[in-house]
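J.: Shown below is the structure under consideration.
What follows is calculated from the coordinates using simple rules that are stated; it is not laboratory data. These figures come from a predicted structure and were not determined experimentally. Cβ atoms come from the backbone with ideal geometry, glycine included; neighbour counts cover every protein chain shown.
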């Protein structure tokens, strides 16, 4: 039961940050603790990179502008 929860949690976290759910689910099943900390490190690295933060912010601004243009 513990492996299922770990695999689902790892897969869900990966999917919410744009990574493959099934790949991380499988890693969470095979290496439960290691895969979770590896995913955590990858997410932190992405969030702490200023270039990535600016890119995500620009994507959000463009998506918002596109949505406003469609609604007009």
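J.: How tilted is helix 50-71 with respect to the longest principal axis of the chain? Cα atoms for both, answer in degrees (0 to 90, nearest 10).
T.: The helix 50-71 is inclined about 50 degrees to the chain.
J.: Right, another one. For each of 46, 72, count neighbouring Cβ atoms within 10 Å of the residue's Cβ, then give the residues from fewest to most.
T.: Values: 46 16, 72 4.
Final ranking by Cβ density, sparse to dense: 72, 46.
J.: Sort the chain into rounded, prolate or oblate with this rule: let a ≥ b ≥ c be the square roots of the eigenvalues of the Cα gyration tensor; rounded if a/c is under 1.5, and if a/c is not under 1.5, prolate when a/b is larger than b/c, oblate otherwise. Numbers along the way, then the final one.
T.: Values: a/c = 4.67, a/b = 2.04, b/c = 2.28.
Oblate shape, in that a/c is at least 1.5 and b/c is the bigger or equal ratio.
J.: Shifting gears a bit: Which angle between 0 and 90 degrees, to the nearest 10, do you get for helix 2-16 versus the longest principal axis of the chain when only C-alpha atoms count?
T.: On a 0 to 90 degree scale, this one is about 20.
J.: Helix 32-48 versus the longest principal axis of the chain: what is the Cα-based angle in degrees, 0 to 90, to the nearest 10?
T.: Relative to the chain, helix 32-48 is tipped by roughly 20 degrees.
J.: Using the per-residue mean of other Cβ atoms lying within 10 Å as a proxy for protection, in what order, highest first, do the peptides 64-71, 6-13, 48-55, 30-37 fall? Let's see the in-between values first.
T.: Numbers: 64-71: 8.6, 6-13: 19.2, 48-55: 10.1, 30-37: 14.8.
Result, highest mean first: 6-13, 30-37, 48-55, 64-71.
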